[in-house]
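Here's the structure we're looking at; comments come further down.
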Amino acid sequence: MQESQKTYLWWQTGVVYQIYPRSFQDSNSDGVGDLRGIIQRLDYLQWLGIDAVWLSPIYPSPMADYGYDISDYRGVHPLFGSETDFDELLQAVHGRGMKLILDLVPNHTSDQHPWFLESRSSRDNPKRDWYIWCDPLPDGSVPNNWLSVFGGPAWEWDETTQQYYYHAFLKEQPDLNWRNPEVQQAMLDVMRFWLDKGVDGFRVDVMWHMIKDEQFRDNPVNPDYQAHMATYEQLLPVYSTDQPEVHTIVRQMRSVLDSYDERMMIGEIYLPIQKLVTYYGIDGKGAHLPFNFQLLSLPWDARQIASAIDQYEGALPPNGWPNWVLGNHDQPRITSRVGMQQARVAAMLLLTLRGTPTIYYGDEICMRDVPIPFEEVQDPQGLNMPDKNLSRDPARTPMQWDGSPNAGFTDVKPWLRLAANYSRENVAVQRDNDLSMLTLYRRLIDLRRNEPALQVGTYTPVYSDMNLVAFKREAEGHDSFLIVLNLSHRPGYFRPQHFPFTGTVAIATYPESEGVSVSDTLNLSGDEGVIIRLQ
Ligand code: GLC
């Protein structure tokens, strides 16, 4: 069947936008963003052309890891609002024809979750086996060499019951034992709770961590470790992550979603392509979208990016739908990684590749990583490894809405400091500027939405030059597009052999190129990207 005749679902055709709720919009003057704030800003998201909103966790939490340590899976943290606020938000999102995706954190709970409080209360508590408890080695030391992602050992000694518990992240985030069927049922019930309310899907936190080796074997040493890396990377997490049994769990989650109408699941998975694609599951019954993080982990180099795109396209299982990401709340922002000019090229890449794009809030106005003075660092990853510049705070600063005090985010001191340049770089300023990043994002989203070739069409790579990424997008019966992106600052010459073409530039990172007729060759400026409507 031709691509353009198939039926596509919302999570395939749409553009996803990630909101970090603490930093989007404060509505009650406490310096922290909240659900009512998000409601106030939905018009903006609709204007931008967003189809689905993913919220980082909004549940009750002691906030040891800023909401990724949940103490009640069915509630709303008072900082973010009430359950009524949530219902209103959901209704308001749906009222605009958009979808709402929640973060689901099934790998671990907070150490304050009633399940863990019970589990740690005694060895014979019925919930003891809901978490991962192990005896010390005969010399009293930790059960194996596994390390915490946030630094230090992954085992915490419990004085009362004289055993260690496992935590892949903070000691305040004990890992659940997903081999226990009661744990499985409890978390599937959590999913049903939100799905019954009408939530459209989940972004599942650290999906590849969910099951660990049954024998708790030591992880091997990473021969490529270097001192500047996080201490976690000293070992290869061969036995603590990506175990074969995880796929049975993912399949269970999927079958819950499939018992509803058109719900979906994104998996957070940092793995190489060949392993990543296994999370689509046998017969495509795994995650709908295992997050593809290549654009945020690879060096910004045209050859490496082009070949990674092709490898990914080639590795996808039948009917596996691709997806792309430039940033999230755990990674340096794209503008800080590749610079302002290349961030425009990156936006063009994100929104013209085949597959669902996810935009991290603020990237559309080229927000940068904000330097946070040591005494203001909040992120535990930054606090635990202070000499390694690993804090995630710089990419989590408040959204820059306008030039008023505190950028229109709040009217009091924000929880994390704002970028110094917010009065220059903000939504209000960029909205009225035809040449701004925001205008570029909006136009790219609009073109994608209106052109089946870009939204759902085929992808064909075209090789021409070491510094360019070029590809064609086509859908039967619709206009075709050629996208050529110069990932370098130097001029780039696109002279593909055996690929004659004629067309007009529809969108370019430099306005001078737009509307220009081109054929067979292109002379691109440094940092230039063009989308050509082919004749
Ligand atoms: C995921 C989240 C990250 C969090 C970690 C532990 O990687 O994206 O923010 O710290 O899981 O829950």
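Values computed for the structure shown
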| quantity | calculated |
| --- | --- |
| Residue in the range 276-305 that is nearest to the ligand (Cβ to nearest atom), counting only those that are under 24 Å from Val250 (Cα atoms), in contact (Cβ under 8 Å) with a residue 40 or more places away in the chain and in a loop (DSSP other than H, G, I, E, B) | Phe291 |
| Residue match in the range 106-129 (condition: over 21 Å from Gly198 (Cβ atoms), acidic (Asp, Glu), surrounded by fewer than 22 Cβ atoms within 10 Å (Cβ to Cβ) and in contact (Cβ under 8 Å) with a residue 40 or more places away in the chain) | yes |
| Filter pass, Val76 being in contact (Cβ under 8 Å) with a residue 60 or more places away in the chain, part of a loop (DSSP other than H, G, I, E, B), among the β-branched types (Val, Ile, Thr) and touching a helix residue (DSSP H, G or I) at 6+ places or on another chain (Cβ under 6 Å) | no |
| Residue list for the range 182-203, restricted to those being of a type outside the set (A, V, I, L, M, F, W, C) and closer than 20 Å to Leu100 by Cβ | Asp189, Arg192, Asp196, Lys197, Gly198, Asp200, Gly201, Arg203 |
| Residue among Leu390, Leu435, Leu418 that alone is among the aliphatic types (A, V, I, L, M), in contact (Cβ under 8 Å) with a residue 40 or more places away in the chain and either within 19 Å of Val345 (Cα to Cα) or not in a loop (DSSP other than H, G, I, E, B) (or both) | Leu435 |
| Of the criteria (1) away from the ligand (no atom under 16 Å from the Cβ); (2) surrounded by 20 or more Cβ atoms within 10 Å (Cβ to Cβ); (3) under 18 Å from Met265 (Cα atoms), which one Ile38 fails | (3) |
| Val469 being over 18 Å from Pro511 (Cβ atoms) and either part of a strand (DSSP E or B) or out of contact with any Lys or Arg (no Cβ under 8 Å at 6 or more places or on another chain) (or both) | yes |
| Test for Gln252: is it over 21 Å from the mean Cα position of the chain (by Cα) and under 16 Å from Ala168 (Cβ atoms) | no |
| Tally of residues being in contact with a strand residue (DSSP E or B) (Cβ under 7 Å, 6 or more places away or on another chain) and either within 16 Å of the ligand (Cβ to nearest atom) or assigned to a helix (DSSP H, G or I) (or both) across the range 192-207 | 6 |
| Output for the range 387-410, where each listed residue is within 16 Å of the ligand (Cβ to nearest atom) and among the small types (Gly, Ala, Ser) | Ser391, Ala395 |
| In the range 133-156, residue farthest from the ligand (Cβ to nearest atom) [restricted to those that are surrounded by 14 or more Cβ atoms within 10 Å (Cβ to Cβ) and farther than 25 Å from His228 by Cβ] | Pro136 |
| Subset tally (residues that are within 24 Å of Asp434 (Cβ to Cβ) and either in a loop (DSSP other than H, G, I, E, B) or without any contact (Cβ under 8 Å) to a residue 24 or more places away in the chain (or both)) for the range 485-516 | 9 |
| Failed item in (1) away from the ligand (no atom under 16 Å from the Cβ); (2) outside any helix (DSSP H, G or I); (3) among the polar types (S, T, N, Q), with Gln91 passing the rest | (2) |
| Considering residues of the range 324-337 that are more than 16 Å from the ligand (Cβ to nearest atom) and closer than 26 Å to Ala453 by Cβ only, the residue surrounded by the most Cβ atoms within 10 Å (Cβ to Cβ) | Ile334 |
| Filtered residue count, the range 213-228, keeping only those that are free of Cβ contacts under 8 Å to residues at least 60 places away in the same chain and assigned to a loop (DSSP other than H, G, I, E, B) | 10 |
| Complete set of residues in the range 358-386 that are within 16 Å of the ligand (Cβ to nearest atom), over 20 Å from the mean Cα position of the chain (by Cα) and free of Cβ contacts under 8 Å to residues at least 24 places away in the same chain | Val377, Leu383 |
| Restricting the range 188-234 to residues that are touching an Asp or Glu at 6+ places or on another chain (Cβ under 8 Å) and of a type in the set (A, V, I, L, M, F, W, C), the residue that is nearest to Gln274 (Cα to Cα) | Trp208 |
| Scan of the range 157-182 for residues that are more than 16 Å from the ligand (Cβ to nearest atom), acidic (Asp, Glu) and buried (at least 20 other Cβ atoms within 10 Å of the Cβ), ordered by number | none |
| Some residue of the range 306-324 being modelled with pLDDT of 95 or more, small (Gly, Ala, Ser) and not in a helix (DSSP H, G or I) | yes |
| Flag if Leu90 is surrounded by fewer than 22 Cβ atoms within 10 Å (Cβ to Cβ) and within 20 Å of His329 (Cβ to Cβ) | no |
| In the range 265-322, the residues that are small (Gly, Ala, Ser) and on the phi < 0 side of the Ramachandran plot | Gly267, Gly286, Ala287, Ser297, Ala302, Ala306, Ser307, Ala308, Gly314, Ala315, Gly320 |
| Any chance Gly97 is more than 18 Å from Ala154 (Cβ to Cβ) and either more than 16 Å from the ligand (Cβ to nearest atom) or at pLDDT below 95 (or both) | yes |
| From the options Asp69, Asp111, Asp103, residue that is assigned to a loop (DSSP other than H, G, I, E, B), within 14 Å of the ligand (Cβ to nearest atom), closer than 24 Å to Pro398 by Cα and not small (Gly, Ala, Ser) | Asp69 |
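Yes or no, residue by residue, for (1) outside any loop (DSSP other than H, G, I, E, B); (2) among the acidic types (Asp, Glu); (3) away from the ligand (no atom under 16 Å from the Cβ):
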site: Tyr8; (1), (2), (3): no, no, yes
site: Gln18; (1), (2), (3): yes, no, no
site: Asn28; (1), (2), (3): no, no, yes
site: Tyr44; (1), (2), (3): yes, no, yes
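The values are calculated or read from the model by the stated rules, or taken from the named source; none is laboratory data. Here the structure is a predicted model, which means the values were calculated and not measured. No Cβ is skipped: glycine too gets one built from the backbone with ideal geometry, and neighbour counts run over all protein chains shown.
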